[in-house]
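Novice: Sharing a structure with you now.
No value in this document is a laboratory result; all are computed from the given coordinates. Note that the coordinates shown come from a computational prediction; the quantities given were computed from them, not determined experimentally. Reconstructed Cβ throughout: ideal geometry from the backbone, glycine too, with neighbour counts over all protein chains shown.
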Amino acid sequence: MAQVKLTKNELKKQKDALKRFQRYLPTLMLKKQQLQMVIRQVEAKVRQIESERDKLYREMESWIAVFGEEAGLSELVKVKSILRETGNIAGVDIPVFQNLEFEDIPYDLFEKPLWVDRGVEALKRIAALDAEIEVLKRQIELLAYELRVTTQRVNLFEKVKIPETKENIRKIQIYLGDQQTAAVVRGKMAKNKIEKVK
């Protein structure tokens, strides 16, 4: 703890700092709550998309197994690019999944089984869901980091800065009160001496 000056100017400075801390703390707490809520929402969305992806994958596996053919579907689905935007939640820039672009790979309809079109669409959908999950997980990482920083700041204000400032104010007030009392006593003693001299 830094040594504080025991002056009226320092008292005013400490009182101003205390007001500033007390005004800023609720904003930080609100940001912390908002981040916690958004993280829970994004985690729920990840679980929902993973469930959807797993369901789609199971459906695709079952009908591919029925036909028992190796169609080389993975060769027909190549990702060209992932389209993302930047969003902002509680002052944190996060990536937001838009879409997945695929390369257009032509194939001979006579050589491939009839269900290949459906398989290619299912694989594209699974790839898009995987890409969205990755973007959402990145959102969670960024939001969790910001939550950690915000929690540290809340703790700093709540447990360190505000109590420290209150203690500084108390010390300065005690010192100034003692000085004022001493001045009054000195004044009375001086007055008594002056009266004795007269």
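Novice: For segment 131-184, what's the radius of gyration and Dmax over Cα atoms, in angstrom?
Specialist: According to the Cα coordinates of segment 131-184, Rg and Dmax are 22.6, 77 Å.
Novice: Placing unit charges on C-beta atoms (Lys and Arg positive, Asp and Glu negative, everything else neutral), compute the dipole magnitude of segment 157-198 about its Cα centre in debye, rounded to 20.
Specialist: So the dipole magnitude of segment 157-198 works out to roughly 340 debye.
Novice: Same structure, new question: Place a +1 charge on the Cβ of each Lys and Arg in segment 23-165 and a -1 charge on the Cβ of each Asp and Glu, then give the dipole magnitude about the Cα centre in debye, rounded to the nearest 20.
Specialist: About 1300 debye.
Novice: Now for a different question. Could you list the GluC sites (Glu not before Pro) in segment 150-189 that lie in coil according to DSSP, counting only those with at most 16 other Cβ atoms within 10 Å of their Cβ?
Specialist: Hits after loop and neighbour filter: nothing returned.
Novice: Could you tell me the center-to-center distance, by alpha carbons, between segment 37-55 and segment 175-194 in angstrom?
Specialist: Answer, in whole Å: 72.
Novice: I need the calculated FRET efficiency for the pair MET29 and ALA182, taking r as the beta carbon distance and R₀ as 45 Å, to the nearest 0.05.
Specialist: 0.60
Novice: Same structure again: Relative contact order of the chain, please, whole-number percent, based on alpha carbon pairs below 8 angstrom and at least 6 residues apart.
Specialist: Relative CO of the chain lands at 35 percent.
Novice: Rounded to a whole number of µm²/s, how large is the Stokes-Einstein D of the chain at 10 °C and 1.306 mPa s, given Rh as the Kirkwood radius over C-alpha pairs?
Specialist: Value of D from the Cα-based Kirkwood radius: 68 µm²/s.
Novice: Something else: Given H placed 1.01 Å from N in the peptide plane, which residues other than close sequence neighbours of LEU100 have an amide H under 5 Å from its amide H?
Specialist: Distant-sequence amide H within range of LEU100: LEU83.
Novice: What FRET efficiency, computed as 1/(1 + (r/R0)^6) with R0 = 25 Å and r the Cβ-Cβ distance, is obtained for ASN99 and GLN36, rounded to the nearest 0.05?
Specialist: 0.30
Novice: What is the fewest-to-most order of GLU10, GLU195 by other Cβ atoms lying within 10 Å of their Cβ?
Specialist: Fewest-to-most ranking of GLU10, GLU195: GLU195, GLU10.
Novice: Checking the table LYS15/LYS193; LYS13/LYS159; LYS137/LYS161; LYS161/LYS188; LYS32/LYS166 against a 29 Å threshold on Cα-Cα, which pairs fail?
Specialist: Values: LYS15/LYS193 39 Å; LYS13/LYS159 20 Å; LYS137/LYS161 34 Å; LYS161/LYS188 40 Å; LYS32/LYS166 24 Å.
In this structure, LYS15/LYS193; LYS137/LYS161; LYS161/LYS188 lie more than 29 Å apart at Cα.
Novice: Next up: Counting each DSSP H run of 4 or more residues in the chain as -39500 (n - 2.57), what helix-only mean residue ellipticity at 222 nm follows after dividing by all residues, to the nearest 500 deg cm²/dmol?
Specialist: On the way: 4 runs with 140 residues, N = 198.
The per-residue figure over the chain is -26000 deg cm²/dmol.
Novice: Name the residue farthest towards the positive end of the dipole of segment 23-165 from the options TYR107, GLY119, GLN152, assuming +1 on Cβ of Lys and Arg, -1 on Cβ of Asp and Glu, about the Cα centre.
Specialist: Farthest towards the positive pole: GLN152.
Novice: Taking amide H positions as placed 1.01 Å from N in the peptide plane, with prolines and chain starts having none, which residues 5 or more places from ILE94, or on another chain, fall under 5 Å of its amide H?
Specialist: The list, which skips near neighbours in sequence, is GLY87, ASN88, ILE89.
Novice: State the answer as a single residue: which of LEU176, PHE97, ILE162 lies farthest towards the positive end of the charge dipole of the chain, with beta carbon charges of +1 for Lys and Arg and -1 for Asp and Glu, about the Cα centre.
Specialist: So the residue furthest toward the plus end is LEU176.
Novice: Return the FRET efficiency for the residue pair GLN22, GLN173: r is the Cβ-Cβ distance, R0 is 25 Å, and the value is rounded to the nearest 0.05.
Specialist: Approximately 0.90, to the nearest 0.05.
Novice: Dipole magnitude of segment 1-41 about its Cα centre, charges +1 at Lys/Arg Cβ and -1 at Asp/Glu Cβ only, in debye to the nearest 20?
Specialist: Working: 11 positive and 2 negative charges, 25 e Å.
In debye, rounded to 20, segment 1-41 gives about 120.
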